[in-house]
Amino acid sequence: MTKNEKPDFLDVASFRRDYLHAELRRADLPADPLVLFHHWIDEAAACPNLLEPTAMVLSTASAQGDVSSRVVLLKGYNDKGFRFFTNTGSRKAAQIGSNGSVSLLFYWEPLERQIQINGPASRLPRAETEAYFASRPRGSRIGAWASRQSEVLPDRETLDRRAEELDRQFGTGDVPAPEFWSGYLVVPATIEFWQGRSNRLHDRFRYRRPVGAESARGGDWLIDRLSP
């Protein structure tokens with residue numbers, strides 16, 4: 001096959017595996033989904049086959065309904081919600097600005113688990129963004145300044161040269177958070193836990209926050225078992 005030839009269609013429908021790792025029972029569910037989230041993410045962090053347990057797929061949509069997804073890292077969670085950080089000039093930030101409804105998805109394949117979180121996203125206070133940015137390695141802070149995220153880049157050398165110039169510019173001094181960089185908070189309206197089970201009869205439970213609750217602990221959560 002030459003480099004210009006297209007490969008034959010691969011029948012991936014034949015790829016199969018069963019899920020036998022664990023089960024999720026209604027009787028074992030805590031009233032607060034953050035308790036279960038904390039338990040699961042601790043197990044993910046302890047799993048040697050998971051390199052990025054805090055990696056999550058962030059899906060956003062424009063006001064016109066154009067959807068995009070990418071992997072970002074969870075950088076904290078509490079009663080108020082789940083947070084991540086990004087360039088405010090990026091496509092995801094632009095879409096959040098016009099349509100705040102987002103979805104987060106954790107997939108921990110070795111544990112046969114997924115967690116999906118849906119809810120509105122908004123910017124964190126500037127003080128929280130600056131505090132987190134100051135905790136990042138210097139190279140990551142330089143990288144945040146160098147990357148004009150989602151803009152067309154002519155070549156790799158342009159990016160490397162920009163980073164080198166900024167490194168010289170800041171010298172041995174502090175590298176502050178750029179004005180075009182911010183944290184975002186996703187306040188969960190629903191949190192769904194999925195545990196793989198044999199014969200595709202998976203366990204799925206959805207926590208729904210009552211209307212009017214102001215935080216993740218703003219009221220008693222409603223729990224539904226969903227068909228797989």
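Only the coordinates and a few stated rules stand behind these numbers; no lab work does. A quick note: this is a predicted structure, and the numbers were derived from the prediction, not measured. Positions of Cβ are generated from backbone atoms using ideal geometry, with glycine treated the same way; all protein chains shown enter the neighbour counts.
Quick look at the values:
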quantity	calculated
Lone qualifier among Gly97, Gly76, Gly65 - being within 15 Å of Tyr184 (Cβ to Cβ) and out of contact with any strand residue (DSSP E or B) (no Cβ under 6 Å at 6 or more places or on another chain)	Gly97
Any hit, the stretch 145-156, residues being under 18 Å from the mean Cα position of the chain (by Cα) and within 30 Å of Gln64 (Cα to Cα)	yes
Residue within the stretch 70-93 that is farther than 26 Å from Ala134 by Cβ and under 13 Å from the mean Cα position of the chain (by Cα) present	no
Given (1) among the polar types (S, T, N, Q); (2) crowded, with 19+ Cβ neighbours inside 10 Å; (3) within 30 Å of Ser227 (Cα to Cα), index of the condition Asn199 fails	(2)
